[in-house]
Amino acid sequence: MAKKTLFGFMLVVLCAASYGQQKAVAVAAFEHRRGISAESAQTITNLVIGRLSVNGIVRVVDRASFDKILEEMKFQASDWADREKTAALGEATNADYVIRGEIDTMDEIIIITARMIDIRTAQVIAYSDIDLTRMNEARAKMPEFVETLVQSLSGNTGGRITPEVPLITQEQGTSASPITAAPNGLWIARTLRSDHVEDWFRVTASTAALLVMETGGDIDTYMELFDSSLSLLAENDDAGENVNAKVAYFFERGQTCLVKVRGYSSDITGPYQFHALIDADISEPNNSMSAATAIRLGTAQSANIAPAGDTDWYRVTIPSGGREFVAYTEGGIDTKLYLHDSRGTLLAEDDDNGPGSNACIQMVLNPGTVYLRVEHYAASGVGQYVLNTAMQDAVPPDRFENDDTQDTAKDIQAGSTQNRTFTNAADVDWARLRITRAGYYEIRTTVSESLDSSLHLLDRDGNSIIDNDSGGDGEDDSIVIWLNPETYFIRIFCYTSGPLDNRRQYTLRVNQVQEPIPSDPFENDDTRSEAKYIYGSQIHTFTNAADVDWAQFEVSEAGTYDIRSAAAAGSMDTYLRLYDSNEILLTEDDDGGEGYDAYINIYLNPGTYFIRVHTLDSDLTNRRQYTLSISRR
């Protein structure tokens with residue numbers, strides 16, 4: 001495939017270190033090859049420029065002047081190998097170096113390469129490359145990519161950049177003598193020892209920006225960020241790669257903070273690295289709908305929520321109707337996502353239906369322009385995220401929609417099966433079940449591959465009776481329960497994080513079944529010595545008609561107490577006895593509650609008491625479970 005070359009060039013000048021001659025570096029637009037769009041190449045170029053501009057080692061010159069000179073000189077791509085032409089370009093622009101890059105693919109791997117060229121000699125003096133599986137990984141790897149280019153110049157002579165490298169002794173890094181870490185992305189190598197279990201760093205922001213502080217290496221680190229008065233601002237354990245710590249925090253211009261790095265536990269020692277860097281957000285300013293950043297479908301947009309309260313707007317063009325628009329965030333912060341039409345009307349919103357605490361919206365849209373708004377869930381929250389957008393074939397809604405509320409629940413009969421579909425990860429389906437014959441019933445969902453559901457049974461007033469997640473085969477849900485003639489409601493949640501693919505179908509089935517023998521988590525409790533403590537209420541099961549259950553409880557404050565044993569199904573007859581700690585029977589009851597339920601009302605002084613429960617029934621065919629409860633009036 002013929003190479004597509006972008007001949008426009010962008011110039012940044014990097015600020016030199018505290019001593020050494022300042023140098024200017026120009027960045028040419030990265031060339032793009034197989035399967036790489038011009039927009040992606042432009043994004044990578046901007047990321048390189050943004051990282052260089054905050055690196056703290058070189059300075060930035062006017063880009064407009066550089067572009068004008070390029071046009072006047074009619075500079076071509078082939079001219080970069082011509083020493084005389086590059087020297088003339090350097091003299092005309094005051095640039096000392098130029099970075100040229102290329103983005104290509106090989107075996108589904110995205111490869112980004114860059115070379116730094118001495119503009120006076122046309123010689124390559126530095127090289128860097130990174131591999132990506134997805135383009136949205138570029139932002140996280142950009143600091144190391146640019147650092148390799150800049151650090152390769154360190155120590156060279158002949159007028160090249162020679163940044164000052166401070167000498168750091170192991171004795172430094174205490175709270176009284178913290179190590180100064182410039183937010184330029186350069187790694188500082190340190191070692192935790194048994195006699196030096198923590199390091200302290202001082203970080204000062206030269207501009208108002210989101211600063212990222214993280215560790216690298218193989219030991220499990222823990223990081224704490226303090227203000228100048230040692231008030232804790234943020235802390236983290238494993239937000240970095242592997243078991244490394246990472247904290248992102250918005251700094252005001254000139255703000256200084258202290259960072260403490262230690263092992264996750266006091267016995268963790270070994271070498272590690274620390275660095276701080278400014279995370280430049282190239283999509284800003286986009287804090288309003290009118291200033292929305294245009295993004296291309298199918299690309300990943302890396303950005304920040306910073307400072308606290310920041311709102312990011314994006315503009316997307318929907319090319320054709322009848323397909324489903326997908327937008328979701330990725331990253332370690334809790335995002336909220338809003339979808340608006342071209343007039344600003346809110347079409348949809350979401351909080352946590354994406355991966356982890358991320359947001360996801362899926363919706364069939366007509367052609368036109370829509371807007372996405374991204375916010376942090378917490379008013380004081382800041383951090384990094386990636387916004388992804390795409391179009392995919394729409395999944396038609398099932399015949400039971402709209403069934404998203406109890407009021408719109410659709411009927412399902414015992415003995416029937418319904419084929420249903422989640423419209424998106426936020427979809428909730430309701431069904432109404434009318435039971436005309438008492439008995440045990442199984443309510444089951446069977447989901448398609450890669451889908452997970454959550455099943456809930458409620459009474460006619462919307463009160464929860466029981467719920468289940470993955471109680472069936474695989475990710476299927478199953479509830480087996482005794483139901484009396486009554487009206488019930490079934491609620492099914494999608495338990496899979498968005499975005500959902502086309503496999504969204506599941507079946508809902510209700511069948512009458514043979515009586516199960518429920519498990520009893522309190523067995524063995526057949527003797528006083530085996531009595532389990534009760535707090536509030538418990539659901540017990542008689543394993544047979546001769547089974548006896550014991551429970552004990554503590555009374556810390558004298559008063560009147562209610563003790564009940566209520567059958568969960570049918571008309572099972574329970575019997576209660578209450579004993580003190582000396583095994584003296586205090587009282588007993590058979591049918592003092594509703595129906596055949598037992599009920600004791602008694603004044604108790606502080607102490608330990610024991611409850612004995614048995615059934616008077618000889619046949620438990622359809623009656624085994626009961627609720628034992630204790631409460632103080």
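The values are calculated or read from the model by the stated rules, or taken from the named source; none is laboratory data. If you're wondering where the values come from, they're calculated on a predicted model, not measured in any experiment. Virtual Cβ from ideal backbone geometry, glycine too; neighbours counted across all protein chains shown. These accessible areas exclude ligands, DNA and RNA; they are computed on the full protein's heavy atoms, side chains included. Shrake-Rupley method; radii C 1.70, N 1.55, O 1.52, S 1.80 Å.
Structure data summary
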| item | result |
| --- | --- |
| Residue count, the stretch 247-269 (criterion: in contact with an Asp or Glu (Cβ under 9 Å, 6 or more places away or on another chain), open to solvent by 10 Å² or more (accessible area, probe 1.4 Å) and touching a residue at least 60 places away in the same chain (Cβ under 8 Å)) | 6 |
| Residues satisfying the stated conditions in the stretch 382-412, i.e. open to solvent by 30 Å² or more (accessible area, probe 1.4 Å), more than 22 Å from the chain's Cα centre (by Cα) and not polar (S, T, N, Q) | 391, 393, 394, 396, 397, 399, 401, 404, 407, 410, 411 |
| Failed item, numbered, when residue 305 is tested on (1) at pLDDT 90 or above; (2) out of contact with any Cys (no Cβ under 9 Å at 6 or more places or on another chain); (3) open to solvent by less than 50 Å² (accessible area, probe 1.4 Å) | (1) |
| Residue match in the stretch 121-138 (condition: assigned to a loop (DSSP other than H, G, I, E, B), over 28 Å from the mean Cα position of the chain (by Cα) and modelled with pLDDT under 75) | yes |
| Members of the stretch 336-381 that are within 23 Å of the chain's Cα centre (by Cα) and of a type in the set (Asp, Glu) | 349, 350, 351, 352, 375 |
| Counted residues, the stretch 349-374 - those being out of contact with any Asp or Glu (no Cβ under 8 Å at 6 or more places or on another chain), buried (at least 17 other Cβ atoms within 10 Å of the Cβ) and under 17 Å from residue 311 (Cα atoms) | 2 |
| Subset of the stretch 436-453 (residues that are open to solvent by less than 10 Å² (accessible area, probe 1.4 Å) and under 23 Å from residue 407 (Cβ atoms)) | 443, 445, 453 |
| Test: residue in the stretch 501-519 that is surrounded by 20 or more Cβ atoms within 10 Å (Cβ to Cβ), of a type outside the set (A, V, I, L, M) and modelled with pLDDT under 85 | yes |
| Within the stretch 347-395, tally of residues that are of a type in the set (S, T, N, Q) and either in a strand (DSSP E or B) or in contact with a Lys or Arg (Cβ under 9 Å, 6 or more places away or on another chain) (or both) | 6 |
| Residue satisfying all of: in the stretch 284-311; closer than 27 Å to residue 216 by Cβ and part of a loop (DSSP other than H, G, I, E, B); farthest from the chain's Cα centre (by Cα) among these | 307 |
| Members of the stretch 162-186 found to be surrounded by 19 or more Cβ atoms within 10 Å (Cβ to Cβ) and either modelled with pLDDT of 50 or more or in a strand (DSSP E or B) (or both), listed by number | 173, 179, 181, 182, 183, 184, 185, 186 |
| Scan of the stretch 94-139 for residues that are under 24 Å from residue 36 (Cα atoms) and open to solvent by 60 Å² or more (accessible area, probe 1.4 Å), ordered by number | 106, 107, 108, 115, 127, 129, 131, 133, 134 |
| Residue within the stretch 561-574 that is aromatic (Phe, Trp, Tyr), assigned to a strand (DSSP E or B) and surrounded by 13 or more Cβ atoms within 10 Å (Cβ to Cβ) present | yes |
| Lone qualifier among 559, 593, 536 - being over 30 Å from residue 513 (Cα atoms) and at pLDDT below 90 | 536 |
| The stretch 279-299: number of residues that are farther than 17 Å from residue 339 by Cα and hydrophobic (A, V, I, L, M, F, W, C) | 2 |
| The one condition in (1) modelled with pLDDT of 75 or more; (2) among the hydrophobic types (A, V, I, L, M, F, W, C); (3) closer than 24 Å to residue 283 by Cα that residue 69 fails to fulfil | (3) |
| Test set (1) among the β-branched types (Val, Ile, Thr); (2) closer than 28 Å to residue 390 by Cα; (3) touching a strand residue (DSSP E or B) at 6+ places or on another chain (Cβ under 6 Å) - residue 299 fails condition number | (3) |
| Selected residue (criterion: modelled with the lowest pLDDT) from residues of the stretch 312-333 that are assigned to a loop (DSSP other than H, G, I, E, B) and crowded, with 17+ Cβ neighbours inside 10 Å | 331 |
| Filter pass, residue 543 being open to solvent by 20 Å² or more (accessible area, probe 1.4 Å), out of contact with any strand residue (DSSP E or B) (no Cβ under 7 Å at 6 or more places or on another chain) and in contact (Cβ under 8 Å) with a residue 12 or more places away in the chain | yes |
| Matching entry among 384, 362 (being in contact with a Pro (Cβ under 9 Å, 6 or more places away or on another chain) and either under 30 Å from residue 281 (Cβ atoms) or of a type in the set (A, V, I, L, M, F, W, C) (or both)) | 362 |
| Of residues in the stretch 205-246 being under 20 Å from residue 185 (Cα atoms), open to solvent by 40 Å² or more (accessible area, probe 1.4 Å) and at pLDDT below 90, the one farthest from the chain's Cα centre (by Cα) | 206 |
| Any hit, the stretch 416-435, residues being of a type in the set (Asp, Glu), at pLDDT 85 or above and either under 22 Å from the mean Cα position of the chain (by Cα) or part of a loop (DSSP other than H, G, I, E, B) (or both) | yes |
